[in-house]
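Structure first, commentary second.
Only the coordinates and a few stated rules stand behind these numbers; no lab work does. Note that the coordinates shown come from a computational prediction; the quantities given were computed from them, not determined experimentally. Please note: Cβ atoms are built from the backbone with ideal geometry, for glycine as well, and neighbour counts cover all protein chains shown.
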Amino acid sequence: MLKTTTIKKINNWITEGFEKRNADSKECCTYFIKAWDALHENAPTAIKDFSLLVEQYNQGEEDYDWGGWIWEVGEELGIAGKEHPECMEHRIEFIEGFKSRFPETSDEELMEYLQRTLIKTYFLMGNDRAGKQAVKDFYAKIDYSVWGYIEWADALIKRVDNPTKVAYTNALTIYKKGLTLDDDEEFMDTLKNRIKRVEKFV
């Protein structure tokens, strides 16, 4: 089980990370990763659902909600990665580590976010093979969501400063794959707006 002293360390590192957030994104990530490593290593091995871990060990009034914090780790590593490429590698390691350690997590929105972010990160890094596998894994579980295709196409455009016509054409082809899905109207509109914007460059 997680000892009280370990929980305190984890929460202190999370707090320090947030304190560093605006001044130094990389240092913020350093504290977040320390907290994650401690959580990953010390959580009871029988618990495979992160939501259950939060329920059992993260109910202190002064504690930052670990469930919400996982989203913050992913976002902050992405921000830091713009100037420090190694943080993008850490983002991959973090997401893959979370999925492996807590494969039965019942928070569906969190799991979708992590898989979407994995898609985006692999393609931003130019690792198309791993990115395509991440897309395949995404749609094996969330076959209605347009976000797998949106993250994929967005990354193809964003990974270079000046996208070529070929890049826009490839992105457009991927966006259009999402038109066959039956997602929420709001998300379908987001997809259609992406298509309209990119069509101007093709």
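Shown here are the Rg and Dmax of the Cα trace of the chain, at 18.3, 58 Å. From the alpha carbon centroid of segment 123-202 to that of segment 1-77 is 31 Å. Within a straight-line Cα-Cα reach of under 21 Å, Lys48 can be paired with the following lysines, leaving aside sequence neighbours fewer than 8 residues apart in one chain: Lys3, Lys34, Lys99, Lys141. Annotation for segment 103-202: GluC sites (Glu not before Pro) lying in DSSP loop with at most 12 further Cβ atoms inside 10 Å of their Cβ are Glu104.
Each residue of segment 134-142 was assigned a 3J(HN,Hα) from its phi angle through the Karplus curve 6.51 cos²θ - 1.76 cosθ + 1.60 (θ = phi - 60°); the sequence is 5, 5, 4, 5, 4, 6, 5, 10, 10 Hz, with glycine and proline shown as x.
A Förster distance of 45 Å, applied to the separation of the beta-carbon atoms of Thr173 and Asp37, puts the FRET efficiency at 0.70. Here the scattering of segment 1-50 is modelled by Debye summation over its C-alpha atoms, one equal scatterer each and no solvent; at q = 0.15, 0.24, 0.30 Å⁻¹ the log10 of I(q)/I(0) is -0.42, -0.81, -1.03. Backbone geometry of segment 52-59 corresponds, through the Karplus equation with coefficients 6.51, -1.76 and 1.60 at θ = phi - 60°, to 3J(HN,Hα) couplings of 5, 4, 4, 4, 8, 10, 9, 10 Hz, x marking Gly and Pro. PRE reach from Asp184 (point 7 Å along Cα→Cβ): which of segment 87-124 fall under 12 Å by backbone N? Zone members listed by number: 109. Across the chain, the longest run free of exposed loop sites, meaning trypsin sites (Lys or Arg not before Pro) lying outside DSSP classes H, G, I, E and B with no more than 12 other Cβ atoms within 10 Å, spans 83-199. For segment 64-176, a Kirkwood hydrodynamic radius built from all Cα pairs, placed in the Stokes-Einstein relation at 37 °C and 0.692 mPa s, yields a translational diffusion coefficient of 227 µm²/s.
Shape summary of segment 103-150, radius of gyration then Dmax from alpha carbon positions: 10.3, 31 Å. Modelled this way, with points 7 Å down the Cα-to-C-beta line, the labels at Thr6 and Asp161 are 4.6 nm from one another.
Length gained on full extension, Glu86 to Lys136, computed as 0.36 nm times the residue gap minus the Cα-Cα distance: 15.5 nm.
Can you pull out the chymotrypsin sites (Phe, Trp or Tyr not before Pro) in segment 90-188 whose DSSP state is coil and whose Cβ has at most 15 other Cβ atoms within 10 Å? Walk me through the intermediate numbers first.
Details: sites: Phe94, Phe98, Tyr113, Tyr122, Phe123, Phe138, Tyr139, Tyr144, Trp147, Tyr149, Trp152, Tyr168, Tyr175, Phe187; in loops: Tyr144.
Taking segment 90-188 and a limit of 15 other Cβ atoms within 10 Å, the loop chymotrypsin sites (Phe, Trp or Tyr not before Pro) found are Tyr144.
Taking only the Cα atoms of segment 38-91, the ratio Rg/Rh comes out at 1.07, with Rh defined as the Kirkwood radius.
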